[in-house]
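In what follows, a structure is listed as structure tokens, so that the remarks can point back to it.
The values are calculated or read from the model by the stated rules, or taken from the named source; none is laboratory data. Keep in mind the model is a prediction, meaning the values are calculated, not measured. With ideal geometry, Cβ positions are generated from the backbone for all residues, glycine too; neighbour counts draw on all protein chains shown.
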Amino acid sequence: MRSPAIGYEEPPGFAYRLQEIVAFIGSALEQVIFWLACALLVFLVVALSMQVFYRYVIEQPLPWSEEGARFGLVWFSMAAACIAAREGQHFIFRWATLVLSEIQRFWLRRIVDTFAVLLLAVILKYSIDYIDIVAGQNASGTGLNMQIPYAAITFGSASLIVIYITELLDALLSLKTGAMFSKRERNEAAIYGQLGATPTDKKI
């Protein structure tokens, strides 16, 4: 079953099918990260509730709850950042680009995506190096190897690289197909419409 796309009327060709594959990869990754974030949120609620109960009701604080919640929060933050990237919810100075045409905003976002991938690649490299540094260390409360909490940075940066690459490929393939699968781009178009972007902007 073909994913919904905007503005596509011609019979699908190779570029369109490739765009579908790219969209499927991005959507599948988003679903995995979403359920991971849900599980982490449940864990945070349970761990912090137990911490309060044991500390103030039973008066025998758990040795692992605070540290476990802190590690869980790091992983949850990275998962949430990935979902926000897919949805286009990261902080943006849109007022500064209202004067640009639609095609200029399109290429500006591609430039930003490219720089984001390059920056994340650097972060990924150093995060992998740091995982090796903490390999022999264990957390005092949970007893977890410190590679586990620090791996959140590696996981988050790697996932964000995949997300931004799929967004970049989808946008570039849309120049050929006329279709746009990206939810982020759809949200951007809707927001610029609400902000009163020039209605005479040229379509891509």
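How many residues are buried (at least 19 other Cβ atoms within 10 Å of the Cβ), of a type in the set (Phe, Trp, Tyr) and over 26 Å from Ala79 (Cβ atoms) if we restrict to the stretch 161-192? The number of residues fulfilling the criteria is 0.
Here's a check for you: in the stretch 24-72, which residue that is polar (S, T, N, Q) and exposed (fewer than 13 other Cβ atoms within 10 Å of the Cβ) is nearest to Cys82 (Cα to Cα)? Restricting to residues being polar (S, T, N, Q) and exposed (fewer than 13 other Cβ atoms within 10 Å of the Cβ), the top hit is Gln31.
Which residues, taken from the stretch 82-95, are farther than 14 Å from Ala190 by Cα and surrounded by fewer than 16 Cβ atoms within 10 Å (Cβ to Cβ)? Spell out how you get there, then give the answer.
So in the stretch 82-95, the residues farther than 14 Å from Ala190 by Cα come out as 82-86, 90-93, 95.
Of everything in the stretch 82-95, those that are farther than 14 Å from Ala190 by Cα and surrounded by fewer than 16 Cβ atoms within 10 Å (Cβ to Cβ) turn out to be Ala84, His90, Phe91, Ile92, Phe93, Trp95.
A single member of Leu108, Leu98, Leu124 is under 17 Å from Val162 (Cα atoms) and surrounded by 12 or more Cβ atoms within 10 Å (Cβ to Cβ), and it is Leu124.
Set side by side, the residues Ile33, Ile92 differ, and just one is assigned to a helix (DSSP H, G or I), hydrophobic (A, V, I, L, M, F, W, C) and within 24 Å of the chain's Cα centre (by Cα), which is Ile33. Residue pairs whose Cβ atoms lie under 8 Å apart, sitting 6 or more positions apart in sequence or on different chains, and linking a residue in the stretch 69-94 that is farther than 17 Å from Ile163 by Cα to a partner that is part of a loop (DSSP other than H, G, I, E, B) and modelled with pLDDT under 95, are Phe71/Ala139; Phe71/Thr142; Phe71/Leu144; Arg94/Leu195. Scanning the stretch 127-141 for residues that are surrounded by 12 or more Cβ atoms within 10 Å (Cβ to Cβ) and of a type in the set (A, V, I, L, M, F, W, C) returns Ile128, Ile131, Val134, Ala139. Against the numbered list (1) part of a helix (DSSP H, G or I); (2) within 22 Å of Leu144 (Cα to Cα), Val57 comes up short only at (2). For the criterion of being under 26 Å from Ala190 (Cβ atoms), out of contact with any Cys (no Cβ under 7 Å at 6 or more places or on another chain), among the aromatic types (Phe, Trp, Tyr) and assigned to a helix (DSSP H, G or I), Trp75 fails.
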